[in-house]
Structures are given as C-alpha cells and as structure tokens.
1. What is the residue count in segment B:323-343 for residues that are part of a loop (DSSP other than H, G, I, E, B) and within 22 Å of B:Gly159 (Cβ to Cβ)?
2. From the list B:Gly142, B:Gly159, which one is touching a Pro at 6+ places or on another chain (Cβ under 7 Å), closer than 30 Å to B:Gly367 by Cα and of a type outside the set (S, T, N, Q)?
3. Scan segment B:58-73 and report the pairs whose first residue is more than 17 Å from B:Gly9 (Cα to Cα) and touching a residue at least 40 places away in the same chain (Cβ under 8 Å) and whose second residue is buried (at least 24 other Cβ atoms within 10 Å of the Cβ) and β-branched (Val, Ile, Thr), with Cβ atoms within less than 7 Å and a gap of 6+ or a chain change.
4. What do you reckon, is A:Asp142 acidic (Asp, Glu), outside the structural domain of A:Cys315 (by TED's automatic domain parsing) and at pLDDT below 95?
5. Might you let me know whether segment A:327-334 holds any residue that is within 16 Å of the chain's Cα centre (by Cα) and within 24 Å of A:Gln252 (Cα to Cα)?
6. Assuming B:Leu294 fulfils every condition listed in (1) over 24 Å from B:Gly412 (Cβ atoms); (2) in a strand (DSSP E or B) apart from one, which condition is it?
7. Could you list, in sequence order, all residues of segment A:75-105 that are part of a loop (DSSP other than H, G, I, E, B) and either within 10 Å of chain B (Cβ to nearest Cβ) or surrounded by 24 or more Cβ atoms within 10 Å (Cβ to Cβ) (or both)?
8. Pairs only if they're at least six apart or on different chains, beta carbon under 9 angstrom, first in segment A:168-183 and under 30 Å from A:Arg205 (Cβ atoms), second among the hydroxyl-bearing types (Ser, Thr, Tyr); list them, first residue then second.
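The values are calculated or read from the model by the stated rules, or taken from the named source; none is laboratory data. What you see is a predicted model, and the numbers here were worked out from it, not measured in a lab. Quick reminder, even Gly has a Cβ in these numbers, built from the backbone with ideal geometry, and neighbours come from all protein chains shown.
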Amino acid sequence: MSRLSSHVNEIMKCGRCGYCLGGYMAETCPARYVIGFESGAARGRMLAARAMLEGRLEYSPKLTERIYTCFLCGACKTKCEDAARIDTVSIIRAMKTEVFNRGINIPNEVEKLGIAVETRHNIFASSPEKRMAWIAPDIHVDETAELLYFPGCVTSLELPEIAKSTARILNKTHTGFSILGMNEWCCGNPLLSTGQYELAREVARHNIEEIKRRKIKNVLVSCPGCYKTLVVEYSRLLGLNELPFKVTHTSQLFRRLSEQGKISFRGVPEEVLTYHDPCELGRLSGIYEEPRKLIRQIPGIRLVEMDRNRENAWCCGGGGGVKIVYPNQASRVALVRLKEAMSSGATGIVTACPTCKWNLKENVEASGAGLKVIDLSELVYSSLIS
Amino acid sequence: MNKSEIYEGLVAIVGTDSVTDLDFDLHSYSRDLSPARERVASMIARPKSTSEVSAIMRFANRNKLPVYVRGGGGSHWAAWLPVHGGLLLDMYAMEDILEIDESNLTATVQSGCTWYKLDGELRKKGLTYLSSEMGGPSMTVGGSVIKAGGGPYGTTKFGLHGQCDVLGLEFVLPTGEIVRTGSGAYLGVPNFRRYGIGPDMTGLLIGSEGTLGILTEATLQVRPIPEAEDFLSFTFDDWSEVMEVGDAITKPFGDEIAYAFEADEESSELGRIVTRIHLYGYDKEMFEYRKRKLREICEKHKGKDGDPSVSREFFTRVTAGLKGLFSQGVWHFTGCGMIPIRRLPEFNEVWREIVARKYKFQRCTFGAWTFPRGWTVYAHLRYTEPDELETIQAISNEMNKRFIEMGIVPFGIGGPDGSLPFIRGRLGSYYELLRSVKKALDPNDILQPSILVE
C-alpha cells in the first residue's frame, strides 16, 4: 500500500467534515498549527491527494515541504474514527512516498537519512560499532538469552541513558537479554516517515532475518516507533501473515515485572510529574495505561495529567521525520506541549519514547519551562529499591 | 496588477506565512461539504486581525480582486467556494475569545472562534451558549452567524442564530471600513443589547452569506448551565403526530417545553420516526413539570417510549462531532430550509415520493427540528464518490425544486453550485432591495461575487 493510487477509495471517503481540524489551531493537528493553512490538516490533504492523483499538482520544492511537514502523529486518524474512518496516516505517508519516488526536490536531509541507513544502518550515520557504546561495564548482556533487546537508533546513539536504565532494570530483575549489536539496523520507521519505502523493506527484511537466525521469540523495544514498525509495518512490508516473534515495549515489560513482584519501588523525594503519551505508543498502538500505572506506583511521585492526554495528546513534534527535515517546525510543536506540561503544575515530564524525550528536552530551555524531561525507564530505574 | 504584484501586496499586509498561492494549498480549500465541483482560488490569505481584514479589502478594491470568505469550511451549499477565483480568506486564524462578561451574560469572540472552543471556556464559568448547529469541532461562530444557521441544539427554545443570541457585531465593509453594531457601538456602553439607536444594523450581516461585509467579531448572549437536563426519545409512525407534538411544544411561545426537539426517518425504514428531545430547567420543579408535560404530549400523539441514550449521545456531541458520521458514505444535505409549523407532513410526503419511491435510494434521512413556531427540514443522502454523484445530484435537484415550489425558506442560498439556481426569479422586491444594498456597500462587486446576490 505504498502507492498513493492504492488509497483512492479511502481518499474519496473524506466528507470534509473537518473533525480532523479540531476546535482550535493548536488542538489536534500539529502540521496545521505550523503551516497555518488547511493543507496541513488531513481534510486539506485528502483534497490535495486527489489533485495529485489526477495530475493537477505541480511538483515543486514548496510542495515537497508541505507534504513532508506532517508529523504522522495520528491525531487526525483518531478524530476520523468518528467520521469516515480513513487511515489518514497511511495516505499521507503514501503522499511522501509519491514525492520521494519522483525524485524531484527531495530535501537534502531526507537523502542524507537514506544514505545513513543504507551505509551505516542507523539514522545518524554513526559508525555501526557505536550502537553498543551504551553497554557500560556493569551491564550484563547474555548472548544466549531468549529475549532480544532492540534499543533503536535514537536510544543507542543519542540517548544512551535510556538503554542503560533499561538494561540495568533487566539485570536487576534477572531478566536475561541479548542484543543484535552491529547487526541491529534502523527499524525503518524514519524511512517510512520520509517516503523511502523500498529501503524500509530492505531493513525490515534484514532485521527479521537476524532475529529469526537467533531463534528469538521475544523482542523488547524502547522506542514506540520501533514498536509500531515491528508490530504493524514489517508484516505489511514483507507480506507476512504473522511475525515470527512477539514485540514488547519497555513500559509493558516493566509493568509486568512489577505485577510479578520483581520490581519494587523505594520512596523518592516528593515530586509532581506529568506523562506525555508518545503518538506511536498511545494513539497508534493503544498503550496508555502501563506507563501511568508504573509512575503511580512510585512512592513520593504524584502524577498529574495535561489537559490533552491519551488519544487527545498533542504531539511532541519529533515524529514523521519532521525533526530531521524541518527542526524549527518540530520545535514549535514541542513548545506547545511544554507549555501545556507547565500548566499542569508538574515539574517534570515523563515519556516513554526516546524521540519525544529528545525533542522535548532540546526545547525546554527555549520554553522557559525549567521542566525536567525523562524517559520512563530512567524513572523506574532510579526509583528501584537498591 | 499582475499575480505576483497581488501576492506581494498581500504579503505586505498579512506576512509571508499567511498568504499562499501554492497549488497544494489552493486545492486543499477547493470544496465544501456539498458535492459541488472544485473551485480553486488564486490565493489564500489568513488574516489575524480586523485591521488586516480591512487592509485586505482596501487592497482588493483598488485591484478589483474577488474575495471569498470561509470560516470552518463546513457549508453544504457552496456558500464560499470561489466561483470567480481570486482571493479566499481563511478566517480560522481569528479564533480568540475576547471577553466573557459574567454579569451581562455575553461572550465576545473573533469570528473564527469555534463553538467548541467557546463552549469549553464558557463551561469553566458555569455558562454555555444558546443554540447551535451539529457541525462538530470546526464550525465557527462567524460561519454560523453569517448564514443565520441553526441545528437542532437549543433551537426549539432559542431559534436559529441571530434570533436571540447575537447582540452585536464587528465587520469590515467590502470597501474596508470597520463597522461595529449593537449597544457596544453606542457611547461606549457594553455590548448587552442588539437594538437601540436606529434600525438593526446587526441584522444586516446575519444571513448575508458574507456578501455585505466580513464578520470579524461577534458578541453573543450566553446563559448559565441549567440546574437540570435530561434526554428523552419517542418513536412515532406518522408525521402528522410528530407535527402535533412540535406544535404543542412550541405553542407556549417564550416558554417552550423542550430545549430541543428533533425527528427523523430513514428511507430504508419508512414509517419509523425517531425523535430526540433535550429537556432543561433552571428549577427542578419546572424541569419535572416539563418532563411530565412532554411525556403527556408524546403519548397523546401515539409516541412510544424509546431509548433516551440515543438522544443523550446526539445532543452531547454537538461540538465534538457525531459518531459514525460517514459510515454509510459521504453526506449531501438537500432540501434544507424552514417551513411553518403545520406543514411538516407535506414535505415528508414529497421526500418519500422522490427518494424512496422514485429513486429507491436507501441511504437517505428526512429530518426536522422545531424552532419557535416552525420547522427546519432537511434530507441527507449518503453516497459514494464519484460513483453515485450523478444519482444524488439528480435526487437533490428534484427535491430542491419541489421544496422551493412548495414554499420552503432555504437554509442557505450560496452560489451557482448551491441553491441559487432554484430560487432565481422568485424573490421579488426583497431581492431587488438586497441588490441595491449590495451595490451601495460593494460598488465593485468584489465580496463573495455570485454568492446570494447575482
């Protein structure tokens, strides 16, 4: 379903009700918020998609910018559940693929991303060995373990503290885990988000083969983008009926360990925290409660909700490849979320996504919020009874 | 001026980020909710203030540039589609709530503010608005007022927009002058009263479909949230009985028994009329009295008690959006307008004749809701684009023609893609006066040309 033409019936289902726009500029669609015009939101994009299919649009750098400025946060898709049930995310992704495949006016950053993944197998063009740099001397990796930890590019290379905390929780609870190491390739999510469908298929094939070769049945991920890509996209990309392994997000595993009594929390200094739902974990994967239950279990921490939470959560701005291609737009969206977090009365934001943490943290200073931004794994690890 | 000079002129007024001529943007504004064909503007601008709107209109006048104006974009009769191209103004950026006056029970908003946003803020203060359409989160106050719109919510009691709720407006004339109406325009008093000195200039804009001025602000009457609210549903098998119920509910003029009374019937299930009722009371005794009275009226007219959750779901999702909206296809509203209180069955019969018997179209609803001493009737067809477009347009044309012959007052007129072709030549001297007013206010015919006034 990478081709826009394969979505034509879905596109025609749009009745232009405008549910996807929400009730004010910064309510539902971050792309509309930054673009301002209707073309940011799904309603406008569905009309533009028709024009694309009918050959009525001129391919220009500005057109590329419009199409690529979508965070693929799924807020429109959720709103459309009440209306036409259009899979807007898949359609907008297909629009990006359409532009990419034409090869006209592709943003440099998108091309660089593709080259980085193709040659170095990660989005930062870092040397593949660096994927394992987070493995501190105290962390024990068991190459024979049946559980495979797949940290993903951002966790391994940009926010290693998430991988470290996760590994230490696993070690502490005697949950053995292995890793793919240099053979872990980018999951493909950033490629799909930037229209690079064929390359995404290639990395999916590689990762699946590697996992199968090790006879792994359970894969643990820190990144909701990896989670959704492995759970949903790999089967689509490779035409599989079923994945040969089960995928678990760290929030789900930590919650299970807690229920099994393997994780106990000590009292921590009193603190008010809020939880930011990552789009790909919440809206697009339906995981809302596990992180909240864990946070509430920690003595001393009071969890408060932002006005918009769960399926209504405002995107952090980091998704859809926008942070890579148009970082200023990603910042504008993050600032809205940080302001909202500040209004909740929290002094810190917990999230369960490395990209959310990355983008929110980068913008904390500009927001003047003085909030701390941490990943759930860090919070859990730092609150464990030693 | 050539196109690039016009573009630069607009950039000088609203800034680079608020004007576009990119075809991707233009196409994204090319349709409303109706099946009308695409109409693509040459440019789109997003003014953020009244002064920007004023500057745009002066600029447009100098350059004889057609200007069309859009709120939330949810018109279903081509009320803003740019028939002659030109500039389309997206008013959504003017979304601020300027004041909520808890003493005078008023709210002043910019015209791009949505009912959803306004009601959210009003409820924080224990207030709500009077009546509205059912258009979901994107419907704007400006869009509703400019078309004198209305939906079932609160309309049985308060009528359509403009009847009770609009106290004053700010608008920009086609030539760029800024006008304020209502008591707020007089001697520095608050906007607590619509009428006062001279004729009702507020009414000039209500229902004008944007042809006489661009609405930039509105002051609305609001009300406290009632102490008690409840929902009822009755089913009927005869529209004559439904008409009697509507007649009885609205007869105590000024003290209507329900806040809202709505009825509909599916073409796939003729003879099963479901009604939805919203009851309210600022006093529990009064509320109980109304509830008892309503039941008596419905039972007297052979209504059978139905599932009240249907009504609750319907009326509580006014601004959030109804669920399952397009589950049977895209909607096309047709035959929409107001009729006198005693004529409801006649219109239903014509709808049955055209939709159910002649075309045998199974996915169509005929509905009606009361306002004080009248009904708004409508039909909506659910169809698949593009396969069923011709069929539904044929049905729609026939219904519009017949309903107008029967004397319906159309809900909206729009342009050549809307209801205008059906009313052409039927409006007599009133229409001539409207033309004269339009000519006086918009000598270059640049504002919404070919919409409402030809």
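1. From segment B:323-343, those part of a loop (DSSP other than H, G, I, E, B) are B:323-329, B:341-343; that's our starting set.
From what's left, within 22 Å of B:Gly159 (Cβ to Cβ): B:341-343.
Within segment B:323-343, residues that are part of a loop (DSSP other than H, G, I, E, B) and within 22 Å of B:Gly159 (Cβ to Cβ) number 3.
2. B:Gly159
3. If the second residue must be buried (at least 24 other Cβ atoms within 10 Å of the Cβ) and β-branched (Val, Ile, Thr), the pairs left are B:Val69/B:Ile214; B:Gly71/B:Thr140; B:Gly72/B:Thr114; B:Gly72/B:Thr140.
4. Working: acidic (Asp, Glu): yes; outside the structural domain of A:Cys315 (by TED's automatic domain parsing): yes; at pLDDT below 95: no.
No; evaluated as a whole, the condition is false for this residue.
5. No, there is no match, as no residue in segment A:327-334 is within 16 Å of the chain's Cα centre (by Cα) and within 24 Å of A:Gln252 (Cα to Cα).
6. Every listed condition holds for B:Leu294 apart from (2).
7. Within segment A:75-105, A:Glu81, A:Asp82, A:Ala83, A:Ala84, A:Arg85, A:Ile86 meet the criteria.
8. That search, which allows pairs on different chains as well, returns A:Leu170/A:Tyr149; A:Gly176/A:Thr144; A:Phe177/A:Tyr149; A:Phe177/A:Thr166; A:Ser178/A:Thr144; A:Ser178/A:Tyr149; A:Ile179/A:Tyr149; A:Leu180/A:Tyr149.
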